[in-house]
Amino acid sequence: MNAKKTRLKGCFVIEPTVFKDKRGYFFESFNNKQFQELTKFKTAFVQDNQSYSTKGVLRGLHYQTGKYAQAKLIRVIKGKVLDVALDIRKNSKTFGEYIALELSEENKKQIFIPKGFAHGFIVLSDTAIFSYKCDNYYNKASEAGIIYNDKDLNINWQLPEEQIIISEKDKILPHFKNAKLV
């Protein structure tokens, strides 16, 4: 396993060691000891989530507030997505900045996003199976979000607006400047 720092403090791109032969491949998708050594993040993931989506589905930008804030370790099992992590830590040097990374079944990359970030993704392949670990339980009263197409953020979702499929709930999320931040 390899962990590369990103320009956003605390975010890491995790690249597993993949063993391939004529039968297929094998890799460890998570090893807590290695993860902690590489990231210096002491974790106890308590919840795994998985979603299936079709091309153009955009989920985000979501986060949990207060004591229910979540760190996440994200990967794609099938297909390809553009994954976005937005720094919403008010005292951070990169407050309001984001990174975007393609995660796919081919590259097997993962991204670790610490607490204090909004997160979203869009499906770029025909379908995708998206999976992530959380270090805190979901709490409906603590859920929050930021509208995906906020002009101040200017996120390039890599698909034309007319191809983006978004939930009714996500369509009414506030803009970054009006969001309840952590």
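The values are calculated or read from the model by the stated rules, or taken from the named source; none is laboratory data. Remember, predicted model here, so these are calculated numbers, not experimental data. Please note: Cβ atoms are built from the backbone with ideal geometry, for glycine as well, and neighbour counts cover all protein chains shown.
Remarks
- Selection of the stretch 70-114 for residues being assigned to a loop (DSSP other than H, G, I, E, B) and either farther than 26 Å from residue 151 by Cβ or within 9 Å of the chain's Cα centre (by Cα) (or both) yields 70, 71, 79, 105, 106, 107, 108, 109, 114.
- Residues satisfying the stated conditions in the stretch 144-182, i.e. at pLDDT 95 or above and within 30 Å of residue 32 (Cα to Cα): 144, 145
- Test: residue in the stretch 25-44 that is surrounded by fewer than 19 Cβ atoms within 10 Å (Cβ to Cβ) and part of a strand (DSSP E or B): yes
- Filtering the stretch 46-64 to residues that are hydrophobic (A, V, I, L, M, F, W, C) and either within 15 Å of the chain's Cα centre (by Cα) or in a strand (DSSP E or B) (or both) leaves 57, 58, 61.
- Scanning the stretch 96-149 for residues that are surrounded by fewer than 18 Cβ atoms within 10 Å (Cβ to Cβ) and aliphatic (A, V, I, L, M) gives 100, 129, 141.
- Scanning the stretch 89-111 for residues that are touching a strand residue (DSSP E or B) at 6+ places or on another chain (Cβ under 7 Å) and within 12 Å of residue 9 (Cβ to Cβ) yields 94, 95, 97, 99.
- Residue 61 fulfils the conditions (1) within 19 Å of residue 147 (Cα to Cα); (2) surrounded by fewer than 18 Cβ atoms within 10 Å (Cβ to Cβ) except for a single criterion, (2).
- Subset of the stretch 132-182 (residues that are assigned to a helix (DSSP H, G or I) and either within 19 Å of residue 100 (Cβ to Cβ) or under 15 Å from the mean Cα position of the chain (by Cα) (or both)): 161, 163, 170, 176
- Among the candidates 26, 41, residue that is hydrophobic (A, V, I, L, M, F, W, C), without any contact (Cβ under 8 Å) to a residue 24 or more places away in the chain and farther than 30 Å from residue 172 by Cα: 26
- The residues in the stretch 1-24 that are surrounded by 16 or more Cβ atoms within 10 Å (Cβ to Cβ), closer than 14 Å to residue 108 by Cα and of a type in the set (A, V, I, L, M) can be counted, and the count is 4.
- Considering only residues in the stretch 76-95 that are touching a residue at least 60 places away in the same chain (Cβ under 8 Å) and surrounded by 16 or more Cβ atoms within 10 Å (Cβ to Cβ), the one that is farthest from residue 159 (Cα to Cα) turns out to be 89.
- Members of the stretch 64-75 that are more than 15 Å from residue 103 (Cα to Cα) and either of a type in the set (Ser, Thr, Tyr) or surrounded by 12 or more Cβ atoms within 10 Å (Cβ to Cβ) (or both): 64, 65, 68, 69, 70, 71
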